[in-house]
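This report concerns only the one structure given below.
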Amino acid sequence: MTGDLVTVFLCGDVMLGRGVDQVLPHPGDPALAEAYVSDARTYVRLAEAAYGPVPRPAPYSWPWGVALDVLDAAAPDVRVLNLETSVTRGGERAVGKGIHYRMHPGNLPALTAVRPDVCALANNHVLDFGRPGLTDTLDALDALGAPGSSTGAGVRRAGAGRDAAEAWAPAVVPLPGGRRLLVLACGTASSGVPRDWAATARRSGVARVDEPLDPARPAAVLRAAKRPGDLAVVSVHWGGNWGYGVSGEQRRFAHALVDAGADVVHGHSSHHPRPLEAYRGALVLYGCGDLVNDYEGISGHEEYRDDLRLLYLVSLAADGAFRQVRMVPLRARRLRLEHAPNEGSAWLQRTLAQVSGRFGVQVARERDGTLTARPQRAGARPERGRPEGGSPARGEGGRNGA
């Protein structure tokens, strides 16, 4: 913490399965049941054909590349990511899904390399290998956070559990001075989360929100859990893979979460960054884009520049108002993150400034190539009250994507 500011690292989807899993020290079974690719190593070959050789085995830190040094230099108080991969060697592939992600449990050091405090799990891939695969995932993450664990990672999870109460329970990260940061995670049908994946009182699963988007349950959880002095992030897996449009339904849902106590709405599912919004002093990220995946060398949708990735460093005041978002542009090459070139950083600034301006956020580019986003009208946070296709696969999504 710096003064009264708390800095939270947020990012989009982290997919450590499939091709990424294959280059790590403990590759799992490479067999796939996709329409066009039957072996996960094909994704490695596509990346190598595009950008050059990938070491095998690669060190656990490989997928993160320069992101690790960037985060160490930034020293965020809390690190939150969306883990869009099951962690299992077993289970049966979920029926009716064209794409399935899993990583070998032996490759978990590739996750702990980035030292996450919270992994959001309410997404459309965490049950790709059924409820047995989900149980393996929960057990693996719980072992990382267990007292006396060899990793010392202290990883918490949110958005999936052995029943609904566990799936909807916020992860709690202690902050200095007895304060806390709460992370609540939920997923929606529009991002491809099947209805029967929803956790119930007697069944494991994810914290799933019905559509049309109904904020009642996450809002009730927030109101019950948040104490004076706490900060709260709601991590939402929603929407399709491509495009910058934000529906009125999404805005109403996000605003209702803020009215219920969210200081940041952390949206993800899209393969590229989407607009930022300032609402009543809170930050809404409608889509953080992917961070780690194996999509290199796959053609299509080049206009969205999904090779470019962002690290989001959100600075929150004591009252939860966001003062600034620092965004560090990266680029995926050889299944590894590197610094984005100047033209990539400039392209991201122009694009995000254009799509975020009408939502009350200005985006500027600094001399070092990083981007900063600030509310157009900074000030004290208002009091709460009444709301004012035929190719290798990039992942499953909702209405806008394959």
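Test Val54 against the criterion of being touching a strand residue (DSSP E or B) at 6+ places or on another chain (Cβ under 7 Å) and hydrophobic (A, V, I, L, M, F, W, C), and give yes or no.
For Val54, the condition - touching a strand residue (DSSP E or B) at 6+ places or on another chain (Cβ under 7 Å) and hydrophobic (A, V, I, L, M, F, W, C) - is not met.
Name the residues in segment 132-176 that are part of a helix (DSSP H, G or I), at pLDDT 95 or above and more than 17 Å from Pro105 (Cβ to Cβ), would you?
Ala164, Ala165, Glu166, Ala167, Trp168
For segment 24-59, which positions are more than 19 Å from Gly395 (Cα to Cα), touching a helix residue (DSSP H, G or I) at 6+ places or on another chain (Cβ under 6 Å) and hydrophobic (A, V, I, L, M, F, W, C)?
Result: Leu24, Val54, Ala58.
With the checklist (1) more than 14 Å from Val236 (Cβ to Cβ); (2) small (Gly, Ala, Ser); (3) at pLDDT 95 or above in hand, flag the one item Ser299 doesn't pass.
Failed condition: (3).
Matching residues to (1) touching a Phe, Trp or Tyr at 6+ places or on another chain (Cβ under 7 Å); (2) more than 24 Å from Met15 (Cβ to Cβ):
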{"position": "Asp294", "(1), (2)": "yes, no"}
{"position": "Arg323", "(1), (2)": "no, yes"}
{"position": "Val328", "(1), (2)": "no, no"}
{"position": "Ala346", "(1), (2)": "no, yes"}
{"position": "Gln349", "(1), (2)": "no, yes"}
{"position": "Gln354", "(1), (2)": "no, yes"}
{"position": "Val363", "(1), (2)": "no, yes"}
{"position": "Leu371", "(1), (2)": "no, no"}
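Residues Arg309, Arg334, Arg374, Arg350: which one is at pLDDT 95 or above, farther than 26 Å from Ser235 by Cβ and surrounded by 15 or more Cβ atoms within 10 Å (Cβ to Cβ)? Show your work before the answer.
Values: Arg309 fails: farther than 26 Å from Ser235 by Cβ; Arg374 fails: farther than 26 Å from Ser235 by Cβ; Arg350 fails: surrounded by 15 or more Cβ atoms within 10 Å (Cβ to Cβ).
Selected residue: Arg334, the only one of Arg309, Arg334, Arg374, Arg350 that is at pLDDT 95 or above, farther than 26 Å from Ser235 by Cβ and surrounded by 15 or more Cβ atoms within 10 Å (Cβ to Cβ).
For Val193, indicate whether it is at pLDDT 95 or above, more than 30 Å from Gly357 (Cα to Cα) and either among the small types (Gly, Ala, Ser) or in contact with a Leu (Cβ under 9 Å, 6 or more places away or on another chain) (or both).
Numbers: at pLDDT 95 or above: yes; more than 30 Å from Gly357 (Cα to Cα): yes; either among the small types (Gly, Ala, Ser) or in contact with a Leu (Cβ under 9 Å, 6 or more places away or on another chain) (or both): yes.
Spelling it out, Val193 is indeed at pLDDT 95 or above, more than 30 Å from Gly357 (Cα to Cα) and either among the small types (Gly, Ala, Ser) or in contact with a Leu (Cβ under 9 Å, 6 or more places away or on another chain) (or both).
Looking at this structure, is Leu291 part of a strand (DSSP E or B), in contact with a helix residue (DSSP H, G or I) (Cβ under 8 Å, 6 or more places away or on another chain) and closer than 19 Å to Pro392 by Cα?
Considered against the rule, which asks whether it is part of a strand (DSSP E or B), in contact with a helix residue (DSSP H, G or I) (Cβ under 8 Å, 6 or more places away or on another chain) and closer than 19 Å to Pro392 by Cα, Leu291 comes out as yes.
What is the one condition in (1) surrounded by fewer than 24 Cβ atoms within 10 Å (Cβ to Cβ); (2) at pLDDT 95 or above that Leu257 does not satisfy?
Condition not satisfied by Leu257: (1).
With the requirement that a residue be over 21 Å from the mean Cα position of the chain (by Cα) and in a strand (DSSP E or B), what does segment 296-355 give you?
Arg323
Quick test for you: out of Ala47, Ala75, Ala67, pick the one residue that is in contact with a Phe, Trp or Tyr (Cβ under 9 Å, 6 or more places away or on another chain) and either of a type outside the set (Ser, Thr, Tyr) or within 30 Å of Asp319 (Cβ to Cβ) (or both). Break it down into steps so the answer makes sense when it comes.
On the way: Ala75 fails: in contact with a Phe, Trp or Tyr (Cβ under 9 Å, 6 or more places away or on another chain); Ala67 fails: in contact with a Phe, Trp or Tyr (Cβ under 9 Å, 6 or more places away or on another chain).
After ruling out the rest, the residue left standing is Ala47.
Residue by residue, here is whether (1) among the small types (Gly, Ala, Ser); (2) under 16 Å from the mean Cα position of the chain (by Cα); (3) surrounded by fewer than 22 Cβ atoms within 10 Å (Cβ to Cβ) holds:
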site	(1), (2), (3)
Asp230	no, no, yes
Ser235	yes, yes, no
Gly243	yes, no, yes
Gly248	yes, no, yes
Phe253	no, no, no
Ala262	yes, no, no
Ser270	yes, yes, no
Pro273	no, yes, no
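The values are calculated or read from the model by the stated rules, or taken from the named source; none is laboratory data. Here the structure is a predicted model, which is why all the values come from computation and not from measurement. Here Cβ is always computed from backbone atoms with ideal geometry, including for glycine, and neighbour counts include all displayed protein chains.
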